[in-house]
Amino acid sequence: MKVLVTRPEPDALRFSNLLQENGMTAVLAPMMHVCFPKVAIPDLSDDTYLVFTSANGVRAFTQNTKKRVWPVFAVGMATAREARKAGFYQLEAAGGSVQSLAELIEQKATAQAQLMHIAGSHVAGDLAGLLKERGFVYQRAVFYKAVASDRLPNKALELLRTGRISAATFFSPRTAKIFLSLVAKHKLTEVLQNVRIVVVSPAVAAVFPPELSSQVAVAKEPDQHAVIDILKSART
């Protein structure tokens, strides 16, 4: 079973290894390239909470400072694991969406808390609006840039054209949007009628047009293991 992997590195390699462990073949087609420039750390007070909505945010921040003294709110378990691995010890993990993240912050953060969202140049969802309407002081700091791919890799293109891709996986709305635009560019949209589309959340599923709705499966939990579970069931 050949599975298209659209995640950027290093997550693409980790997910590919997980596919291989479960008897599937990964076909790499990263839809973005993540750049981590040198960034000056903002002035953060003792009342500041760091907010991470991706593992790349954790990687970008920790490449620019050795300090790990601030408490962290993470959008989901994968991001929380990355923060834990990086050395943060005060961690709270939400359920995988910006809505659940805002609700968690409302429950756990102090009233005087200042929230510093360590983000990329593109963000999904309106975390700023959700937090501001709850009365929090919110700031967003751009620590990395995700550059969209302008074409599909040759191997992925060939396998799609010849109908040898069984499934395609998507972990963000932006990744799905880029993929759909490239598929249209290569005149391969009809090919997707025969590809199982496995997505990590309803927000990603919403990107796909109605004519592909029967092909889309949403993971029960917003993590890569739940995506693997769908792929395994599709294989049997």
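The values are calculated or read from the model by the stated rules, or taken from the named source; none is laboratory data. Please read all numbers here as calculations on a predicted model, not as lab measurements. Don't worry about glycine lacking a Cβ; one is built from the backbone with ideal geometry, like all the others, and counts go over all protein chains shown.
Here is a yes/no grid of residues against (1) under 23 Å from the mean Cα position of the chain (by Cα); (2) without any contact (Cβ under 8 Å) to a residue 24 or more places away in the chain:
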| position | (1), (2) |
| --- | --- |
| Asp126 | yes, no |
| Ala156 | yes, no |
| Ala167 | yes, no |
| Val183 | yes, no |
| Thr189 | no, yes |
| Asn194 | no, no |
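From the list Thr79, Thr6, Thr25, Thr53, the lone residue that is crowded, with 23+ Cβ neighbours inside 10 Å, assigned by TED's automatic domain parsing to the domain that holds Phe179 and among the β-branched types (Val, Ile, Thr) is Thr6. Every listed requirement among (1) closer than 30 Å to Gly57 by Cα; (2) in contact with a helix residue (DSSP H, G or I) (Cβ under 8 Å, 6 or more places away or on another chain); (3) not small (Gly, Ala, Ser) is met by Leu192 save one, (1). One residue stands out in segment 54-103 among those that are touching a strand residue (DSSP E or B) at 6+ places or on another chain (Cβ under 9 Å) and of a type in the set (S, T, N, Q): the one that is nearest to Gly129 (Cα to Cα), namely Ser54.
Checking each residue in segment 67-76 for being loosely packed, with under 15 Cβ neighbours inside 10 Å and at pLDDT 95 or above picks out no residue at all. Residue under question is Ala141, and the condition is that it be under 23 Å from Ser233 (Cα atoms), out of contact with any Phe, Trp or Tyr (no Cβ under 7 Å at 6 or more places or on another chain) and not polar (S, T, N, Q); does it hold? For Ala141, the condition - under 23 Å from Ser233 (Cα atoms), out of contact with any Phe, Trp or Tyr (no Cβ under 7 Å at 6 or more places or on another chain) and not polar (S, T, N, Q) - is not met.
The number of residues in segment 215-233 that are exposed (fewer than 12 other Cβ atoms within 10 Å of the Cβ) and closer than 21 Å to Leu182 by Cα comes to 0. Here Thr175 passes the criteria (1) among the β-branched types (Val, Ile, Thr); (2) surrounded by fewer than 22 Cβ atoms within 10 Å (Cβ to Cβ); (3) in contact (Cβ under 8 Å) with a residue 24 or more places away in the chain except the one numbered (2).
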